[in-house]
Amino acid sequence: MKMWSGRFRQALDPQFERWQRSFDFDCRLLRYELAASAAHARALKNAGVLSAEELIGILEGLQQIGEMAATQAVPEEQQAPGQIEDVHHFVEKQLVARIGETGYKLHSGRSRNEQIATDLRLYVRAAIDELRASLSDLCAAFTDRADHAGIAAMPAYTHLQHAEPVLVAHWLLAYVEMFLRDADRLADCRKRLNFCPLGSGAVAGATLPLDRVFMAEGLEFSAPTANSIDATSDRDFILEFVNALSMIALHLSRWAEEMILFSSQEFAFIQLPEAYSTGSSAMPQKKNPDLPELVRGKTGRVLGAATALAITLKGLPLAYNKDLQETQEQLFDATDTILGILPLVTGFMAAVQFNEARMAEAAQSGFMNAWAAATYLVNRGVPSRLAHEQIGKAIKTCLEKNCELQDLSLEELRALNPAFEESFYQSLTPQAVLAIHDVVGGTAPARVRQGVAAARKKIETLREEVHPHAHA
Ligand code: ARG
C-alpha cells in the first residue's frame, strides 16, 4: 500500500512514479529512521495510543528491520523493484510484513516531514562525530611529523617567492591549525542542529499529545525544536555542515597543491610515498602525485554541493516543499567525499619522505636572511627604512656577483654602513634567523616545540570530545 493513495482516482504515471522516489538514496537514513520511529512509538504509548504489547511488537519489528539491513542491503527493494517510495515507506512496509496491521499504527500523529527533518539531523550529527574523529587522526599525523622534523629548516614563501627560513615543523603545524579550526566549526554546527523536530507534524504540530521533551531526550537531542514551521522546512544545518566541509576541502586543496609542487623535480622537497602514487602507462620514469591531485580535484564537487544546496533552498516558501528532497544527495556526496579523503591524507602524511638536505639548502639561498640582515642594522640604531634600503643595495651587489649576503666582505658592507661588524655573519645563519622569531606563534625552535605540545593538547581534547566514554 502507498502511504497516501486514498484520494487518488488514477494510478501514477510509471515514469513519474520512478522518478520522484527517493529510496535509492534515502535508504542510507534507515538507522536514523528506525531510531526516530522507536522514540515516536514510545511517545505514542505514553499518550495512550499504543498498548504496552503493541509498543513491544513495534519496537521488536523495528529492531529486526535494523538487524536485517545490517546484514543484507535492502532486500525488499530487490524483490519488489519500484514499489518503495522512500525510507519511511520502506520501514512501514517491513513493519507490517513482520507484525501485521499494528505496524500501521506507528504513523499515528506524525508526518514524513518531521521524520525526514529528524533523520537528516541525526545523520549530520553522526557524520560530524565521525569527521571530528578523522580530523583528530589527521592532525596527529601532521603533529607527529612536526615533532620528528626537529630543527630541520625549509623556505617559507610569500607570493611563492623565497621569503624567510622556517622550521619544517612550523610549516606542518600551520595545517594542524586549519584542521583544528575545521573540527571546531563542525562542533559549532553540531550544537546548533542538535534539536529534535519530532512532534512538529507536517507543519503545524502533532495531532496527538506527544511528549516532545521525552522524544528529544530519547534521541540525545538537547531539546525539541522551537517552531514547527521552521522545524519541518529548515535545512540550514545541511547547508552549514556542507559549507564546513567546503572549508575542509579548501584546506585539503592547499595542502594538495603544496604536495604536488614540492614533489616536482624543481622543488624536490618531498618524495611521494609509493603506496599512494601511481605510474604512467607511457613514461616508465614517472611517479605521479595522484592522491593530492584527486584531493585537489574533489574540492570542486564539495564546493559544488554547497552551491547547489544554497540554490535549492533559495526562495523556498515555508514550510515543507518536495524540493527539499534534493538536498540529500548533495549532503551524502559531500560527506562521503571528505570522509573518504581524510584517512588517506593521514596515511600519506605518515609515509611521505622529506628531503631535509634539499629543504635546508633551499632555506639558505635566495636572500632569505635579508630581513634578518636589516634587523641587524636596526639593532645597531639604524632607522628601519634606511636599513632596508642599505640591505637592498647589498643584495643588488650580490645579484651582480651572483652570491649571497654572507659572501660579501666586511669592506663591501662597511661601504654601505659602518655599523656592520664581524658579528653580522653570525646573524645570517638559518639558525640565527630562525631564533629571531622568538614570540608565541613564531618559528624559533623553542617556540615550535611549544607549538607541537600545544597541538598535542588540542588534539587530545578533541579526541576526548569525540569519544567521551573512552576515558571513563
Ligand atoms: N522523501 C521526502 C524528502 O526527502 C520525505 C518527505 C516527504 N514528505 C512529503 N510531504 N511528501 O523530503
Going through (1) open to solvent by less than 20 Å² (accessible area, probe 1.4 Å); (2) modelled with pLDDT under 95 one by one, residue 120 fails only at (2)
Filter region 26-55 down to residues that are under 14 Å from residue 215 (Cβ atoms) and free of Cβ contacts under 8 Å to residues at least 12 places away in the same chain, then give me how many there are.
1
Residue that is away from the ligand (no atom under 12 Å from the Cβ), part of a helix (DSSP H, G or I) and over 29 Å from residue 334 (Cβ atoms), where the choices are 48, 103
103
Residue set 98, 28, 42; condition basic (Lys, Arg) and either within 12 Å of the ligand (Cβ to nearest atom) or touching a Lys or Arg at 6+ places or on another chain (Cβ under 8 Å) (or both); output residue 28
All positions within region 236-260 that are open to solvent by 50 Å² or more (accessible area, probe 1.4 Å) and either under 15 Å from the mean Cα position of the chain (by Cα) or not acidic (Asp, Glu) (or both):
240, 243, 247, 250, 254
What are the residues in region 129-170 that are open to solvent by 30 Å² or more (accessible area, probe 1.4 Å) and of a type in the set (Phe, Trp, Tyr), if any?
157
Restricting attention to region 144-166, and to residues there that are within 29 Å of the chain's Cα centre (by Cα) and of a type in the set (Asp, Glu), which single residue is nearest to residue 435 (Cα to Cα)?
147
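The values are calculated or read from the model by the stated rules, or taken from the named source; none is laboratory data. Treat the numbers as computed from the prediction; the structure is a model and nothing was measured. Don't worry about glycine lacking a Cβ; one is built from the backbone with ideal geometry, like all the others, and counts go over all protein chains shown. Note: accessible area is taken over every heavy atom of the protein model, side chains too, but ligands, DNA and RNA are not part of it. Shrake-Rupley method; radii C 1.70, N 1.55, O 1.52, S 1.80 Å.
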